[in-house]
Amino acid sequence: MSADNAAEIGVRPAREKIALLPHFRDLVLISVIGWALQLIATDMSPIAALGGMAGLYAICAGGLVLARFAPFYLPSVAWISLLGIAATVPFVPWDQAVLGVVEEIDFLALSVPCLAYAGLAVSRDEVTIAKRTGWKLAVIAVFVLAGTYLGSAVIADLVLRITD
Amino acid sequence: MHVLIDAVKLWRLHLAVAVIAIVAQLIGIRQISLGNGAILFLPLLYAFLIGVLLNPNVMAKAAVFIRQREVRAASPLIVVAIMPFIAKFGTTIGPAVEDLVDAGPALLLQEIGNLGTVALAFPIAVWVLRMGRESIGATFSVAREPNIAIIADRYGLKSPEGTGVMGVYVVGTLFGTLIFAVMASMLATFDLLDPQALAMACGVGSGSMMASCTGALSEALPEMSDTIVAMAGASNLLTYATGMYLGLFVALPFVEWLYSKARPANPVSKEAPA
């Protein structure tokens, strides 16, 4: 991705600089694709789906700005998560307004473009590693993923049983 | 204007993603029944699969449309493309904040469950498959980007530990969404563990694995969809915050110690990073 001059204002050398304009641009493209997917996945009208995507866009853009300029560093996805929460917790006056816009959006359809980019992004190196990895590491990888999932699920289940 | 011209130059990539995503969404959610359980196949899985099949590094013929330039440009767009999804997750966490406070102890303690990678995979690596120091890098974490950084920093990626973490990373990248969809949909239909617990466990610090996991769970248990999304999202946010520290200060020292007990003759390498 190209660096953009407009994003160089307010230099903070200590942290990785996010080039805001290219991110905003890419988010527009991704939101347009996402809008089309919402029309397939939900019963929303084109206008309502556009509103929903615009609402999510605003949260993402806000998160990127915070990741770029906030006095302490958090990854942009963490800022976006926090902004999404702050926009909809019950004790803020605007929660119902925000929910009215984004509530009908189908979250699963939102994840589809990301995985399409991920499939197209598989690099030559990754293909080489996958071929070289051998069956033992592939088996271990399955147990690693199962281990983190079962470990967390069993502990959560036990704690929920005790605290309920 | 440069910003716009750069995007137009990548029209092949964005057009391919638009077509892939629409085809995947039109196929929709499919399921295979297995006795009492069911395995769900989600649009995001097809999107990844079609993307891989159109990738010139996997299918040489795909190079007529998708070139190395598009492949390189696609990589940073993965993070951008997950952002609207993360934002939507945030807006589902907000209204459920009281439920989350109620579930707080479970939510916090299940982060320790990420050590399940060690509990389950390490014994298999060392005693069943008789693997060497690869076991350390392979099993101390779920091998996402922050964990690769830890191994790269301590051993270098050309070391056996580096081979271990990269191998699991690549397998996770290629098959993680499928594995999580299968696990979540089967456990949801088996009715052994609390669905809230299954939802919390979905937050492993990887957006696409969480998407697949929560998608499968909420399709299997549609009446609990909002709770599932809120629990998974909150847990994933916690993992973003804690995962690297758990790996660095708890899991890795623990696995190193275990390995030194399991293979006293083949000590953990302490050399400087390559």
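Each value in this text was obtained by applying a stated rule to the coordinates, not by laboratory testing. Because the structure is a prediction, the values reported are computed rather than measured. Neighbour counts are summed over all protein chains in view; Cβ atoms, including those assigned to glycine, are modelled from backbone coordinates with ideal geometry.
Data for the structure
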item: Dipole magnitude of chain B about its Cα centre (Cβ charges: Lys, Arg +1; Asp, Glu -1), debye to nearest 20; result: 1320
item: Farthest positive-ward along chain A dipole, Cα basis, beta-carbon charges - from A:P71, A:W135, A:I30; result: A:W135
item: Relative intensity, log₁₀ I(q)/I(0), of segment B:1-56 from a Debye sum that treats every alpha carbon as a point, q = 0.18, 0.23 Å⁻¹; result: -0.69, -0.88
item: Descending semi-axes in whole angstrom, ellipsoid equivalent of chain B, from the Cα gyration tensor; result: 31, 27, 19
item: Whole-Hz couplings from phi, Karplus 6.51/-1.76/1.60, listed for segment B:250-260; x for Gly and Pro; result: 10, 5, 5, x, 5, 5, 4, 5, 4, 5, 5
item: J(HN,Hα) series, segment B:238-244, from Karplus relation 6.51 cos²θ - 1.76 cosθ + 1.60, nearest Hz, glycine and proline x; result: 4, 5, 4, 7, 9, x, 5
item: Lysines with Cα under 26 Å of B:K158, excluding same-chain neighbours fewer than 8 positions away; result: A:K131, A:K136, B:K261, B:K270
item: Student exercise, the protein assembly as shown dipole from Lys, Arg, Asp, Glu Cβ charges, in Debye to nearest 20; result: 1980
item: Local electrostatic count at A:G52 - Lys and Arg +1, Asp and Glu -1, tallied over other residues with Cβ under 15 Å; result: -3
item: Total charge dipole magnitude, segment B:82-155, about the Cα centre, Cβ charges on Lys, Arg, Asp, Glu only, Debye to nearest 20; result: 420
item: P(r) histogram, all alpha-carbon pairs of the protein assembly as shown included - 10 Å bins from 0, percent; result: 5, 21, 32, 28, 12, 2, 0
item: Dipole of the protein assembly as shown, positive direction: furthest Cα of A:S152, B:L109, B:S260, with charges on the beta-carbon; result: B:S260
item: Viscosity 1.002 mPa s, 20 °C: Kirkwood-radius Stokes-Einstein D of segment A:5-121 over Cα pairs, µm²/s; result: 138
item: Ordering of B:59-70, B:194-205, A:41-52, A:149-160 by packing [mean C-beta count within 10 Å, highest first]; result: B:194-205, A:149-160, A:41-52, B:59-70
item: Globularity ratio of segment B:47-154, using Cα Rg and 2.2 N^0.38 Å; result: 1.52
item: Cysteines having no other Cys beta carbon under 4.7 Å from their own, within the protein assembly as shown; result: A:C60, A:C114
